[in-house]
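Data block below; observations after.
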Amino acid sequence: MNRIILLVVVLACYTFSACAQTGTPVSLKLPSGFKAIVVAEKLSRARHIAVHTNGDVYVKLERLRDGKGIIRLRDTNGDGVADEQFAFGNYGGTGIAISNGYLYASSDDEVFRYKFNNKNEIENPDAPEKIVTGLVNKRQHASKSITLDGKGFIYVNIGAPSNACQEQDRTAGSPGQMPCPILETAGGIWQFRIDKLNQSYADGVRYVTGLRNVVGLDWNTSVNELFVTQHGRDQLNTLHPTLFNNEQSAELPAEEFFIAKKGMDFGWPYCYYDPFQKKKIQSPEYGGDGKKEGDCGTKEQPLYAFPAHWGPNALLFYTGNQFGSKYKDGAFIAFHGSWNRAPLKQGGYNVVFVPMKNGKPSGDYEIFADDFAGGAENLTPSKAKHRPCGLAMDKDGAMYIADDQGGTIWKIIYTGK
């Protein structure tokens, strides 16, 4: 009986990454001249983060801790470490952002906002305004990441509750639904106004479509456009063993980084991006054979393709000056870490940097922060001590990283030493 209980716990940890590690945070590997300060730890499943102008760090928890889903961290003595915590919000979730005097936060089916007073305090932490409600929440890819454009609009990811829009999800031999009905209310980014309460789908605009699941998104102020990172599909080998072997499935499809202009279609579920053929290929659920392009050439191509299954969970355009000109206007991406790259080595569990110029990558990515997992032997969801999930920047140009495995928040500063 005890063995059965243990097996259930282990499987739950592996499948849902539910068993957070505790203890002293690992020492991050950073470029020369950079230093990591542990702001807070053991915060439970810390997802996305936002930093107010006064330095307060707001953390969105995926699940409630003591009945609360948002934690405000405050450093009162300037040493970088939070010595005060204040929790509020009776819902879990992922999205959080600060703009135009408000804190915005999302559950898995709604978006709320809280007004700051002139002392940088939340006016009514127990009574937020609800600005969006009734969004699709079927547990799979349910997180509602958000970003704002500073022009009166908020952008909300609504992930597809499916792997590839099969008639029977994740079932070998089940065909894809044509057209995919999921795309009517999910599988894309929706745009809503920030000055209207209780909006639903009818009030919003499907800004872009054909995205399986976007957890990382940010508004790039240097080119005034939305950018997103997509989690690619899974299980090409198990669902289509005659077309894909284990090694191919470990490296297909790429995780994609896009500019997302209004009206764009990125091709999910009909297409996936093959980084070896450097083009979008027709999905096997829709008649593809691993080589056939079909009409996937008409879909939007990625700005950059990353290794498969790394799990891009946060995107941040660096607009500060502290890190120096190399990083100015470039993109930081937090990779949550893979679970399905076997028989190859699992990957991700890091934060990478992509140099950008005029809204396009101007060089190859490099790993900026690494060793969150705590060693190569821990590169699995069940063993990793930390998994990067959120990114934010303060007014001085320091960068913050949130971890939803051990519940740690790091502050990255440049010392030049």
Residue match in segment 372-381 (condition: under 16 Å from Arg45 (Cβ atoms), of a type outside the set (Lys, Arg), assigned to a loop (DSSP other than H, G, I, E, B) and within 20 Å of the chain's Cα centre (by Cα)): yes
Residues of segment 338-363 that turn out to be open to solvent by 20 Å² or more (accessible area, probe 1.4 Å), in contact with a Pro (Cβ under 8 Å, 6 or more places away or on another chain) and closer than 18 Å to Ile259 by Cα, as a count: 4
Which listed residue, of Ala46, Ala36, Ala87, is at pLDDT 95 or above and surrounded by 21 or more Cβ atoms within 10 Å (Cβ to Cβ): Ala46
Segment 226-263: number of residues that are within 17 Å of Lys360 (Cα to Cα) and either within 15 Å of the chain's Cα centre (by Cα) or not in a strand (DSSP E or B) (or both): 10
Extreme residue, most open to solvent (accessible area, probe 1.4 Å), among residues of segment 190-215 that are more than 22 Å from Glu129 (Cβ to Cβ) and β-branched (Val, Ile, Thr): Thr209
Selection within segment 238-260 - crowded, with 21+ Cβ neighbours inside 10 Å and acidic (Asp, Glu): Glu255, Glu256
Filter result (in contact (Cβ under 8 Å) with a residue 40 or more places away in the chain and among the hydrophobic types (A, V, I, L, M, F, W, C)) within segment 192-204: Phe192, Ile194, Leu197
Qualifying residues in segment 271-328 (those that are within 19 Å of the chain's Cα centre (by Cα) and aliphatic (A, V, I, L, M)) - the one nearest to Ser362 (Cα to Cα): Leu303
Of all residues in segment 364-389 being over 22 Å from Ile413 (Cα atoms) and in contact with a Lys or Arg (Cβ under 9 Å, 6 or more places away or on another chain), the one that is surrounded by the most Cβ atoms within 10 Å (Cβ to Cβ): Pro381
Qualifying positions in segment 261-277 - in contact (Cβ under 8 Å) with a residue 24 or more places away in the chain and surrounded by fewer than 22 Cβ atoms within 10 Å (Cβ to Cβ): Lys261, Lys262, Gly263, Met264, Asp265, Pro275, Phe276
Among the residues listed as Asn124, Asn100, the single one being open to solvent by 60 Å² or more (accessible area, probe 1.4 Å) and either touching a residue at least 60 places away in the same chain (Cβ under 8 Å) or on the phi > 0 side of the Ramachandran plot (or both): Asn100
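The values are calculated or read from the model by the stated rules, or taken from the named source; none is laboratory data. These numbers were taken from a predicted model, which means no experiment stands behind them. Using ideal geometry, Cβ is built from the backbone for each residue, glycine included, and neighbour counts are taken over all protein chains shown. Calculation scope for accessible area: heavy atoms of the full protein, side chains included, ligands and nucleic acids excluded. Shrake-Rupley method; radii C 1.70, N 1.55, O 1.52, S 1.80 Å.
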